[in-house]
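Engineer: Once you've had a glance at the structure underneath, I'll fire off some questions.
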Amino acid sequence: MPTTQPLARLNAGASKDVSFTYNPGVEYLQGFGPRRFAVSADDATGRLGIARSFLLYDADGAERAPMRLSILAGITGPATDPADHSTTDIELAQLAAAGQRLDGVVEVAEHSKLSLAVDPAVMAVAAASKDSALIAWSDRLLDAAGNTTTYTLPDRDPDLAALAHADVRTMGPRSFLRAPRLDDWRVPKGWRQGLAWPADGAVPDIETLGLAVAAGRPNVVVSGGLSTESGTATGRAEVATPSGTAHAAVTDPTLTSALLSATDLSQAETTNAESAADAVPAGTRTTAAEGTQRLLAETAAIVNQSPEEPPTKSIVMPRTWTPDAAAATSVLRALEDADWVETTTLDDLFAQDAPDVVREPLPNHKVHKAELSASSVARLERARDAVVTFSSIAVDDPAPLWQPGVARLVTPLAVAQRSDPGIRNLLAKRVLEAADKFTHESVTVVPRQDINFITDVGNIPVRVRNTLDVDATVTVALRADHPRLTVGNRNTTTVPAGQELDVQIPVRAIGSGDVDVDALLFTPTGAQFTDESAFQVRVRAGWEEVGTWIAAGLVALLFLAGIWRTVRRGRSPYRATREDVEEATGTAAEAPEPTTPTATDSVAVRAE
């Protein structure tokens, strides 16, 4: 029977304490565990209000093994473009400011056994920032992470489900799950590396877990699904996937909801009703005291069902959890002080064997409406391949070329981008355009006018422009649309950073006519990376030799014509004669004396 106690008239703003006495010897208060009770206020018109809570009761004093409970929270950044350094820095500083999400998580970790899952890209931005408050926050996080179990998420926290459903490769140093960090920040050695955390608010499917295993992250947080009929089994499960076995840490939805409702300042809620661990909607929040009592009651009930070997449970707060640090610390300390609860870290759960219980199976393939579409993911993957391939032109060190490009391309895949698909689609379009411009306009063939080719064998120069900050090693080739112009071997050369260079390509003409020619650029690995630059070659095979003979013939004809002209005219009328000389000098030429023939000069004449 409910116990009632009348109150005198209460004036406006007045209050009064009321005490209720109960008999601890009654049957329903025997044993161990929580007992529900409610206090209501009524008047003549009906019920005015009601408060419900639990009475934690231990009447037998028996020894019980405590259940172990781990709590995981995330350190993930805002949905920003890494190329926009100033905006990224500002938004991260806002999240890390006093009383905001990231500051609250660190404060709770400083005062309790809160396991952390950290996006390294967040730490890299904070470490490189000039904001002293942001740097101080990162130092606090590093200290807190060193005192608990801290897991490293893939850089920029990509959506595993979106990658899995687009069948994107996950291996290799340049995959989206191993996206580069633009700043020189290194993950501390003590941080764990093998955790996969699918997006909150959705039951992950087998494809998503299989991708995590293939990527070397077999320890998977499962925030929905894999439930049991009793709900009291240890939160560990082994899930078979095509890539191998995934070691699942199964979140307890009831405990997670109780902690979230008492501590979350943002009142964030997901839009997926599939997961029982959805955030608590506005209007259903509880106070820290109510949350504490509920968690103590729930854990006591779990222990009461298996007092000799209670299960290990896990609470995983959503990435958007903005904790009231004081309330969260109070609740977790109350759990630590309870005799039947031992707070621990998530690695303790992963170290345990999965219990032999029947669980609700995960779906093989289920696409969530908040995911980036498979076609968009495929376009990002093709752009990633193009950036990595193009970067091989920097033979000595391609990393400075491909790292910024891949870092930008993974940004639309971040779990944080699920909150606003419209902005995410615009970002995806922008980064794809930037990647295409980078691979097609950084090193190009300079357009040229049509040329005349009048020899059988020669070279056609191709001017290559390099706008990068590094030297580019490229292979230049020509492609003619007609066999009358045969192109020789390709020419590989290095174009200095920020300069242009003429590259000579050997060709041979075997006929005359106009030929359309495309100039192509290839990486050292043989991949074409630019569009064709077309021009026309007017081929006149042998015209150089013919022209030489014609010129020589013209010279010979001119020479012969000069001789003929001289002979035809005879003696010039302007030449001086003998008479002219005698008249001019006044002398006459003497007649020559006759000569007497000598014996030696005589000639024998044959007599007839």
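The values are calculated or read from the model by the stated rules, or taken from the named source; none is laboratory data. Since this is a predicted model, take the numbers as computed values, not measurements. Reconstructed Cβ throughout: ideal geometry from the backbone, glycine too, with neighbour counts over all protein chains shown. When the accessible area is computed, the model is the full protein with side chains, heavy atoms only, and any ligands, DNA or RNA have been set aside. Shrake-Rupley method; radii C 1.70, N 1.55, O 1.52, S 1.80 Å.
Engineer: Restricted to segment 391-441, and to residues that are basic (K, R) and touching a Pro at 6+ places or on another chain (Cβ under 8 Å), which residue is most open to solvent (accessible area, probe 1.4 Å)?
Structural biologist: Out of the qualifying residues, it is R408.
Engineer: Consider only pairs whose beta carbons are under 6 Å apart and that are at least six residues apart or on different chains; among these, list those whose first residue lies in segment 342-357 and is in contact (Cβ under 8 Å) with a residue 24 or more places away in the chain and whose second residue is buried (at least 17 other Cβ atoms within 10 Å of the Cβ) and part of a helix (DSSP H, G or I).
Structural biologist: Close Cβ pairs satisfying both conditions: T343/L335.
Engineer: Filter segment 483-504 down to the residues that are over 38 Å from the mean Cα position of the chain (by Cα) and either closer than 16 Å to I451 by Cα or buried (at least 17 other Cβ atoms within 10 Å of the Cβ) (or both), then identify the one that is modelled with the highest pLDDT.
Structural biologist: Looking at residues that are over 38 Å from the mean Cα position of the chain (by Cα) and either closer than 16 Å to I451 by Cα or buried (at least 17 other Cβ atoms within 10 Å of the Cβ) (or both), I get Q504.
Engineer: Any chance you could count how many residues in segment 31-46 are surrounded by 12 or more Cβ atoms within 10 Å (Cβ to Cβ), touching a residue at least 12 places away in the same chain (Cβ under 8 Å) and either touching a Lys or Arg at 6+ places or on another chain (Cβ under 8 Å) or of a type outside the set (G, A, S) (or both)?
Structural biologist: Residues flagged as surrounded by 12 or more Cβ atoms within 10 Å (Cβ to Cβ), touching a residue at least 12 places away in the same chain (Cβ under 8 Å) and either touching a Lys or Arg at 6+ places or on another chain (Cβ under 8 Å) or of a type outside the set (G, A, S) (or both) within segment 31-46 amount to 5.
Engineer: Name the residues in segment 221-266 that are assigned to a strand (DSSP E or B), open to solvent by less than 30 Å² (accessible area, probe 1.4 Å) and farther than 20 Å from T299 by Cβ, would you?
Structural biologist: Result: V221, V222, A237, V239, T241, G244, A246, A248.
Engineer: Another question about this same structure. What is the one condition in (1) modelled with pLDDT under 85; (2) open to solvent by 40 Å² or more (accessible area, probe 1.4 Å); (3) over 20 Å from V446 (Cα atoms) that V539 does not satisfy?
Structural biologist: Result: V539 passes all but (2).
Engineer: Follow-up question, since we're still on this one. Six or more apart or on different chains, Cβ under 6 Å: which pairs go from a residue in segment 73-88 that's hydroxyl-bearing (S, T, Y) and modelled with pLDDT under 85 to one that's in a helix (DSSP H, G or I) and crowded, with 16+ Cβ neighbours inside 10 Å? Could you list them?
Structural biologist: Every condition considered, the pairs that remain are T80/T88; T80/E91.
Engineer: Have a look at L468, L427 and point out the one that is at pLDDT 90 or above and assigned to a loop (DSSP other than H, G, I, E, B).
Structural biologist: L468
Engineer: Next question. Can you name the residue in segment 80-117 that is open to solvent by less than 40 Å² (accessible area, probe 1.4 Å) and of a type in the set (S, T, N, Q) and, of all such residues, is farthest from D155 (Cα to Cα)?
Structural biologist: Only one residue tops the list, namely S112.
Engineer: Inspect all residues belonging to segment 143-156 and state whether any of them is open to solvent by less than 10 Å² (accessible area, probe 1.4 Å), at pLDDT 95 or above and closer than 21 Å to D89 by Cα.
Structural biologist: Yes - at least one qualifying residue is present in segment 143-156.
Engineer: Here is a follow-up. Mind counting the residues in segment 138-173 that are among the hydroxyl-bearing types (S, T, Y) and not in a loop (DSSP other than H, G, I, E, B)?
Structural biologist: 4
Engineer: Determine the pairs where a residue that is free of Cβ contacts under 8 Å to residues at least 12 places away in the same chain, located within segment 468-488, has a partner that is open to solvent by 20 Å² or more (accessible area, probe 1.4 Å) and small (G, A, S) with Cβ atoms under 9 Å apart, the partner being 6 or more residues away or on another chain.
Structural biologist: So the pair list comes out empty.
Engineer: Here is a further query. Listed residues A297, A288, A279; which is open to solvent by less than 20 Å² (accessible area, probe 1.4 Å), closer than 29 Å to L55 by Cα, modelled with pLDDT under 95 and in contact with an Asp or Glu (Cβ under 8 Å, 6 or more places away or on another chain)?
Structural biologist: Result of the check over A297, A288, A279: A279.
Engineer: Of the residues that make up segment 303-322, is at least one touching a strand residue (DSSP E or B) at 6+ places or on another chain (Cβ under 6 Å), more than 21 Å from A117 (Cβ to Cβ) and surrounded by fewer than 19 Cβ atoms within 10 Å (Cβ to Cβ)?
Structural biologist: Yes, there is a match, as at least one residue in segment 303-322 is touching a strand residue (DSSP E or B) at 6+ places or on another chain (Cβ under 6 Å), more than 21 Å from A117 (Cβ to Cβ) and surrounded by fewer than 19 Cβ atoms within 10 Å (Cβ to Cβ).
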